[in-house]
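Comments concern the structure below.
Values in this text are rule-based calculations from the coordinates and carry no lab data. Worth saying up front: this structure is predicted, and the values here are computed from it rather than measured. So basically every Cβ, Gly included, is an ideal-geometry build from the backbone, and we count neighbours across all protein chains shown.
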Amino acid sequence: MKRRKFLQSSVAGGALVVAAGSGLLKPSIAAAERSNETAFAATEADEAVKTLFGGMQAEDSGDITIKAPKQAENGAVVPIKVETSLAADTIAIVAEKNPFPLTTAVHLNGAKGFYSTRIKMGQTSNVVAYVKSGDKLYKASQTIKVTVGGCGG
Amino acid sequence: MAERLTKVKVKKLGDKHQVLVLINHPMETGQRKDKKTGEKIPAHFIETITFELNGNKVAEASLGSGVSKNPLTGVELDGAKPGDTIKVSWTDNKGESGGTEATVK
């Protein structure tokens with residue numbers, strides 16, 4: 001029984017350490033050649049979106065569907081599907097409370113408005129799907145509850 | 001370093017095709033620590049995945065370290081015909097790369 005308690009608390013403690021550490025870490029990872037590198041290295045969701053889409057304002061849209069679990073048991077693998085009827089140029093998935101909120105983006109050139117992926121989530125957070133269509137930016141969001149974070153080891 | 005397995009599955013869904021790519025990759029964030037040494041495990045993650053249909057780039061995914069390990073990435077294409085070639089290639093932040101091809105059935 002004691003051992004079990006210890007395990008539980010150490011897991012919880014570990015998650016906290018990771019969350020606390022992430023805020024202090026400078027995104028110094030190499031490979032700055034990528035054009036969208038700064039967006040991926042941003043530690044604030046707003047900053048990431050601003051960098052990726054050049055400061056465009058996003059409006060809410062009912063034409064974007066996010067298919068994701070409401071509650072993710074394992075934050076290390078959270079399946080996300082984004083579908084839109086808009087003529088999408090770019091689809092980006094942002095987990096607002098992740099250390100680096102921009103998880104992934106896809107640039108579409110002939111493919112349909114669809115993107116599916118699996119992301120890591122450190123904690124319960126709003127996940128926002130941004131869709132750039134022409135010179136407009138749209139978004140839709142869903143809150144995903146995470147019981148076990150995916151950032152620790 | 002072991003060859004990283006890349007698998008592509010093309011599924012027909014009505015009049016469109018779904019292309020699913022599974023890549024064997026650790027997707028290290030650079031934030032995790034080695035439990036034994038206490039040293040940070042360096043970041044190692046896929047940065048781009050390109051999808052080509054008959055040689056035309058139709059989609060390019062950019063990934064950050066926030067994507068799960070062994071990423072499963074999917075896009076949908078309309079206008080793919082049986083016999084068309086779908087080529088998928090990827091590169092990571094350490095310069096490793098890989099890819100594979102599949103034929104639309």
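Quick check: the distance between the Cα centres of segment B:31-105 and segment A:84-150, to the nearest angstrom?
Measuring centre to centre over Cα atoms gives 16 Å.
Summing Lys, Arg as +1 and Asp, Glu as -1, what charge do residues with Cβ under 14 Å from the Cβ of B:Thr100 carry, B:Thr100 excluded?
+1
Below 17 Å, Cα to Cα, which lysines can B:Lys11 reach? Residues fewer than 8 away in the same chain don't count.
Counting by Cα, and skipping residues close in sequence, B:Lys11 has these lysines nearby: A:Lys81, A:Lys112, B:Lys81, B:Lys87, B:Lys105.
B:Asp78 to B:Thr37: extension gain in nm, 0.36 nm per residue of separation minus the Cα-Cα distance? List each step's numbers first, then the result.
Numbers: separation 41, 0.36 × 41 = 14.76 nm, distance 5.01 nm.
Stretched fully, the B:Asp78-B:Thr37 segment lengthens by 9.8 nm.
Given Cβ point charges of +1 (Lys, Arg) and -1 (Asp, Glu) and nothing else, what value in debye, to the nearest 20, does the dipole of chain B about its Cα centre take?
Computed charge dipole of chain B: roughly 400 debye.
Give me the inter-chain shielding for B:45-53: mean count of other chain Cβ atoms within 10 Å, whole number please.
For peptide B:45-53, the averaged partner shielding equals 3.
For A:95-107, what's the mean count of beta carbons from other chains sitting within 10 Å of each residue's beta carbon?
Mean number of neighbouring Cβ atoms from other chains: 5.
Per residue of B:29-38, what is the mean number of Cβ atoms on other protein chains within 10 angstrom of that residue's Cβ?
Values: counts 11, 7, 11, 4, 6, 1, 2, 0, 0, 0.
Average neighbour count from other chains, rounded to a whole number: 4.
Could you rank the peptides A:102-108, A:69-75 by their average count of other C-beta atoms within 10 Å per residue, with the highest value first?
By packing density, highest mean first, the sequence is A:102-108, A:69-75.
Once you sort the root eigenvalues of the Cα gyration tensor of chain B as a ≥ b ≥ c, which label holds: rounded (a/c under 1.5), prolate (a/b larger than b/c) or oblate (the other case)?
Prolate, since a/c reaches 1.5 and a/b exceeds b/c.
Restricting the count to DSSP beta bridges whose residues both fall in segment A:61-153, what percent are antiparallel, rounded to a multiple of 5?
Numbers: 30 of 33 bridges.
Just about 90 percent of them are antiparallel.
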